[in-house]
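I have placed the structure first, in the form of structure tokens, so that the comments after it can refer back to it.
The values are calculated or read from the model by the stated rules, or taken from the named source; none is laboratory data. Values in this document were obtained by computation on a predicted structure and should not be read as measured data. Neighbour counts run over all protein chains shown; Cβ positions are idealised from the backbone, glycine included. We work out accessible area using only protein heavy atoms, side chains counted, and drop any ligands, DNA or RNA first. Shrake-Rupley method; radii C 1.70, N 1.55, O 1.52, S 1.80 Å.
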Amino acid sequence: MDLTPLIDALYTIPIVGLVFQLGGYLVAIIPPISPIILRAATPLALGALCGVACERSGVVNIGIEGTMLAAAFTGWVVGVAFQPMFASQVPGDIFGATIPLLLGLSAALLVAVMISALHAWLSISVRADQITSGTIINIAAFGVTGYLSTLISKNSPTSAGNFTIFTPPATLTDIPVIGWLIEMFFNQGPITMLVLPIVIGLQVWLFRSRWGLRTRAVGEHPKAAETVGIDVIRLRYRNVMIGGLFAGLAGAYLSMEATNSFQAGMTAGRGFIALAAMIVGRWTPLGAFGAALLFASFQSLGQSINFAPPSGQLGEIMTSVPAQFYDALPYVVTIIVLAGVVGRSIPPAADGQPYEREATT
């Protein structure tokens, strides 16, 4: 049965026709750009997982942006430092990995964990204001990395390169219905490929393990948790530092997989969008991942409209909109979605509250 006349008739209906055209455009454009969407979602999802790990145990961490930025700079600069020593090394067959890249990735994770440990010490041991601690991290990371990047860039350093993308065989990507999903998750670099296993693993770990039960107990009622033998302080430290690993991966992705360079402020607010994804996802790994995909979809959609706008009246309208609007679209959508869930998405009860052990007598 040929549905073309019916579809054409629906497209001619005022206003409603534009909605149908938009729906048809999305159905046609999303599968081809799905790998791009996942790449755009990677730093958002990893940053959101950092927030989930921290806030589920009762520690607010708005320093995700700064942690990501510091990790991105560290991964790049360590790779630059070691590149001359291994200049003759041929990139490996697995994601183009080289020793400088692997050392840079390790350094990025280490710095992210160290920054997270600092935030944990200020928030948990010193019991400083957690918002202030995160703000200091963000400001310091932006200033220090920007200054050092300017100094290093004057010498025109040789980049260590970046991790390459794996190309799945066409026999898999051409499978009807699911082929585009295979391409979405496997036509990626190593960090992006890790996102889905990390999300699923953390979801299971958080809701189906003793660690997860203790984490949720500490985030909801730390005093009650301590009465049954849970070390609240130790668990919070551990969770904040685990979150640092996720933020470190997000930063390393930006300078070592998405690009092969570092630019001042290259996180561009992704750490804050990650926090929004965490809230929209109701402090669950799967929910946060879904929200990250939503925000990334609008970012990729704006780029697609610039390069491949829809045809007909809808295309005329969309191409007449300034390109700056599409650049701002993911941030606007983040604000709108976040405003819609505020008050209905309830954080852990002890989130952001410093904990002091009961005095023993």
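Given a 1.4 Å probe and every protein chain left where it sits, what share in percent of the accessible area of the chain is carbon and sulfur?
69
At 4 °C and 1.567 mPa s, what whole-number value in µm²/s does Stokes-Einstein give for the translational diffusion of the chain, with Rh from the Kirkwood sum over Cα pairs?
Values: Rh = 22.0 Å.
Result for D is 59 µm²/s.
Subtracting the Cα-Cα distance from 0.36 nm times the residue separation, let me have the gained length for V177 to R282 in nm, one decimal.
Values: separation 105, 0.36 × 105 = 37.80 nm, distance 3.02 nm.
Result for the pair: 34.8 nm of gain on full extension.
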Under a 1.4 Å probe, what is the accessible area of the chain per residue, stated in Å²? 48
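Could you give the longest part of the chain that holds none of the trypsin sites (Lys or Arg not before Pro) found in DSSP loops with at most 13 neighbouring Cβ atoms within 10 Å? Don't skip to the end; give the middle numbers.
On the way: sites that count: R127, K154, R208, R344, R357.
That would be 209-343.
Just tell me, in residue order, which DSSP H segments of the chain are both 20 angstrom or longer along the helix axis (alpha-carbon based) and at least -0.5 in mean Kyte-Doolittle hydropathy. Can you show the working numbers first?
Details: long enough: 16-55 (46 Å, 1.54); 64-82 (27 Å, 1.51); 99-120 (31 Å, 2.19); 130-153 (34 Å, 1.08); 190-207 (26 Å, 2.07); 232-256 (35 Å, 0.90); 285-307 (33 Å, 0.97); 323-341 (28 Å, 1.54).
Once both thresholds are applied, what remains is 16-55, 64-82, 99-120, 130-153, 190-207, 232-256, 285-307, 323-341.
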Region 123-272: translational diffusion in µm²/s, Stokes-Einstein, Kirkwood Rh over Cα pairs, 20 °C, 1.002 mPa s: 113
Starting from the Cα of A349, move 7 Å in the Cα-to-Cβ direction to define the label point; list residues of region 244-282 whose amide nitrogen is under 20 Å from there. 282
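Quick one: if the Förster radius is 35 Å, what FRET efficiency do D93 and S209 give, using the C-beta to C-beta distance and rounding to 0.05? Write out the running numbers ahead of the final one.
Working: r = 36 Å, r/R0 = 1.02.
Plugging the Cβ-Cβ distance into 1/(1 + (r/R0)^6) gives 0.50.
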For region 35-93 and region 99-168, what is the separation of their Cα centres, given in Å? 8
Given Cα positions, please report Rg to Rh for region 246-361, the hydrodynamic radius being the Kirkwood one. 1.12
